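Down below is the structure, laid out as structure tokens.
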Amino acid sequence: MNDLQLVQYALQGDLDAFNRLVLAYQDMAYNLAYRILSDADAAEDATQTAFLSAYRNLHHFRGGSFRAWLLRVVTNACYDELRRQQRHPVTALEPVHEEDEDEIESPSWLADSSPSPEQQIETRELERAIQNCLEELPLDFRTVVIMVDIQGLDYQEASLAIGKPLGTVKSRLARARLRLRDCLEHLAELLPANLRLGLRE
């Protein structure tokens, strides 16, 4: 069954159907939460909160991309968590500066490598560098680049997921990619030689 069929069964009280949706998207939801929050425990909590909210509000889903709808719920849960964290002083997010908004192609070094214990040290170093640079992005930029370049959503899905026009998605994505490229170039000297070459391709 596809997502829409599973949603219909879940709305009729079939908990197994909703659990199948959870299994299909739990990794994607957690990865999005972790990239936004940069904390494993907070990401796990936000993911659980998001799935509970999705189940309770499934009747609000009006069709289209369930993945985009769900990731919007996850994003909102993450934003709620960040608001809670802001009750304590933290380093401010980097302010937005006007930059060239021309879109650039999605670079290969943004692909989600899904880290595992078996991966090589070099891959973990690159993953850490990417995450560090993601954390330096303004939250709105970070969310869009995670969805499109790491999670693989298309522009329309990302637009639905963040509740913003398509042009806003493209503009934020272009700026985010430029900043990430510059950030990783600055970090290149800290990485192994083979990864430095990969960043400059």
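The values are calculated or read from the model by the stated rules, or taken from the named source; none is laboratory data. All values derive from a computational prediction rather than experimental measurement. So basically every Cβ, Gly included, is an ideal-geometry build from the backbone, and we count neighbours across all protein chains shown. Remember, those area values only see protein heavy atoms, side chains included, never the ligands or the DNA or RNA. Shrake-Rupley method; radii C 1.70, N 1.55, O 1.52, S 1.80 Å.
Brief remarks follow.
- Nearest-10 value in Å² for the accessible area of Lys164, using the 1.4 Å probe: 90
- Inter-label distance, nm, simple model (7 Å from Cα along the C-beta direction), Ala40/Leu23: 2.5
- J(HN,Hα) series, segment 163-175, from Karplus relation 6.51 cos²θ - 1.76 cosθ + 1.60, nearest Hz, glycine and proline x: x, 10, x, 4, x, 5, 4, 5, 5, 5, 5, 4, 5
- When all protein chains stay in place and ligands, DNA and RNA are ignored, the 1.4 Å accessible-area order of Tyr55, Tyr79, largest first, is Tyr55, Tyr79.
- Accessible area per residue (1.4 Å probe, heavy atoms of protein chains only) ranks Thr49, Thr168, Thr75 as Thr49, Thr168, Thr75, with the largest value leading.
- By a 1.4 Å probe calculation restricted to protein chains, Asp39 has an accessible surface near 70 Å², given to the nearest 10.
- Cα convex hull, segment 29-90: 73 Å³ per residue, rounded to a whole number.
- Backbone HN-Hα couplings from phi across segment 6-20 [Karplus 6.51/-1.76/1.60, Hz, Gly and Pro as x]: 5, 4, 4, 5, 4, 5, 8, x, 7, 5, 4, 5, 5, 4, 5
- Estimated vicinal HN-Hα couplings, Hz - segment 132-148 in sequence order (Karplus 6.51, -1.76, 1.60; Gly, Pro = x): 4, 6, 4, 5, 7, 6, x, 4, 5, 5, 4, 4, 5, 5, 5, 5, 7
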